[in-house]
């Protein structure tokens, strides 16, 4: 059959659906055809586009040459008509009265019949064989040449089934040559990106380019290097290499949130993980046990440390996570964007020369960065600073750092005891995680050393409970604790695409505004600079608690979290949520980000429900004033108790110190409000109860004196009841935070 006759047959097939399976397109694949009879003209539309149009799909006809191969025209047609690969497979299969290929069900012997070169040249894959037929997946049922070549090579009749070019490419790479899968991925990068030394391995004695022998496996080496290079360029803190059944995924953690970077065939992913294990000096043959290692690399002449962790996942796969540590970082506390108020309180703690200062927060909240920033400021050459860490994340000048090595018997406890014999002034303990370490750290603090340490707790006050749970006595905590710092990180709004909030709020913004009582200033939009997230970079949220005498007395008395929290706030600590909302009002972040990082806001009535009814003691010698205050407060659902003078109030509180608030009249006979306030603040059992002074007279001097004596607020008896109630609620809200 001549080429001209083949083209004409194809044109005739394009005019009407075939009555049987034919290896001819519905439109010509040739650029020209000779005229016959009435002078037919060459087809000008690719047959895939004609199939889509015949199916009634709407869209702009794609600009693809009729002679283009089906595997090249396929993605153009799917985009033009806004359909997926599977939908186009169904249309092609229906038109040619073929079946859609099921690539999951195949005979492992069938590919042995067809040479790899032949399968790749025609972009087909053998699925199943019988004595007379060979079932083959193709994206182009019009391939007459492929049908003939396969028949000649196998001695069997070829039967086509339809699959997308992408699916066929994946199965070809999986079966024949996994390295080619990596090569195809590398085709998407610029030529400059493919230099073998885009990432340099740093050995113990200094930087060394990847050897020519290692570069012989160029696809694996190059792809691994580019994954590391791209992660660093995007500011990622971690690389997650996660296996799947046939395809794995690479994700980067940027600004605390995981982003998908790319999909990778499992055959290629396994080789990339093996390459990473080689860099980290791990056993590539052992896939059944977790392994940890490290590597030092240079990217664009900057040094980075990689912490590599692998764990078995599935029958023969591994998940690999790489923590990227920037060895070039030299931030001090001034460089960390800590709010000025919290920074001043933090420096007060760091300038101490004895006691324990704890830093708490979840993994990835910047605890180590904050502590290292403090150590850089303290390392002035006049003090001996030593650390025990697991692992040592950054190497600091003028500081002795000890790595925990469990196999060699170097634990936090043993290393800390050895450090005490080295005449240290400041000791950093990477983490207090057991009783031995806690007791040794406490002993060090009692003997004139400043101990900085991290613990895992939800907030600054909860660090006390955490130390007690580890096994440290409350008396030891009270005698050594000097303060705690809780920290979170909020994603910072992207400066390139941030949109000021004008006009009406969105429903979600309105919900968050109602819950947090703060209106947003900017919206996160998304652009190329921020990876279309709307955020770029992070800012810290710090909660700095300085342990004063009242707080330590409450600790020794084993008071609960709520009591300790109230005393801490009265001592000047701003809760995490308050600091975070201040960033919102400054336009640095959004309410949605605050909720993501700190959790959902708990409404006042929900807090009250969790702890039972709010109990208020009203103390006033005037019966009319007592009843008036009680009626206002009871109307809001508060549980009210009353005392007619200061003596009765003190007795009531001594018998039952569980009141949530005391409203105290200033002018009372015998024991006035000032004396009752002194009694309340002087007792361990009642020191944390909020106290509001109520009076019909006074002035700025009196108010100032009472506030300095420990009162939480000052109320005017003759004032507006609404204002009275609002101020009472404000005191309760601050106490409940």
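Seen through its C-alpha gyration tensor, with square-root eigenvalues sorted a ≥ b ≥ c, the range 274-409 comes out prolate because a/c lies at 1.5 or above while a/b is bigger than b/c.
Note: relative contact order over the range 398-509, using C-alpha pairs below 8 Å and six or more positions apart, is 19 percent.
If you plug the beta carbon distance of residue 647 and residue 561 into 1/(1 + (r/R0)^6) with R0 = 30 Å, you get a FRET efficiency near 0.40.
Cα gyration tensor of the range 610-736, axes a ≥ b ≥ c as square roots of the eigenvalues: rounded (a/c below 1.5), prolate (a/b > b/c) or oblate? Cα axes put the range 610-736 in the rounded bin. At full extension, residue 246 and residue 85 could sit 56.2 nm farther apart than now, given 0.36 nm per residue minus the alpha carbon distance. In percent, rounded to a whole number, the relative contact order of the chain is 6, using alpha-carbon pairs under 8 Å and six or more apart. Among 172, 352, the order by Cβ neighbours within 10 angstrom, fewest to most, reads 352, 172. Across the range 610-736, the relative contact order, built from alpha-carbon pairs under 8 Å that are at least six residues apart, equals 22 percent. In this rough spin-label picture, where each label sits 7 Å from Cα along the Cβ direction, the residue 513-residue 116 distance is 6.3 nm.
Calculated FRET efficiency, residue 133 to residue 316, Cβ-Cβ distance, R0 = 25 Å: about 0.15 to the nearest 0.05. Projecting label points 7 angstrom from Cα along Cα→Cβ for residue 380 and residue 107 puts them 8.3 nm apart. What shape does the range 122-165 take by its C-alpha gyration tensor, where a ≥ b ≥ c are the square roots of the eigenvalues and a/c under 1.5 counts as rounded, a/b above b/c as prolate, and the rest as oblate? Judged from the Cα gyration tensor, the range 122-165 comes out oblate (a/c at least 1.5, b/c at or above a/b). Which log10 I(q)/I(0) values does the chain give at q = 0.11, 0.12 Å⁻¹ under the Debye formula, counting every alpha carbon as one identical point scatterer? Normalising to I(0) and taking log10 leaves -1.20, -1.32.
With helices as the sole contributors, the chain gives -11500 deg cm²/dmol at 222 nm; each DSSP H run of n ≥ 4 counts as -39500 (n - 2.57), and the sum is divided by every residue.
Read the figures in this text as sums done on the coordinates, not as results from a lab. This is a predicted model, so every value here is computed, not measured. Positions of Cβ are backbone-derived with ideal geometry, glycine not excepted, and every protein chain shown enters the neighbour counts.
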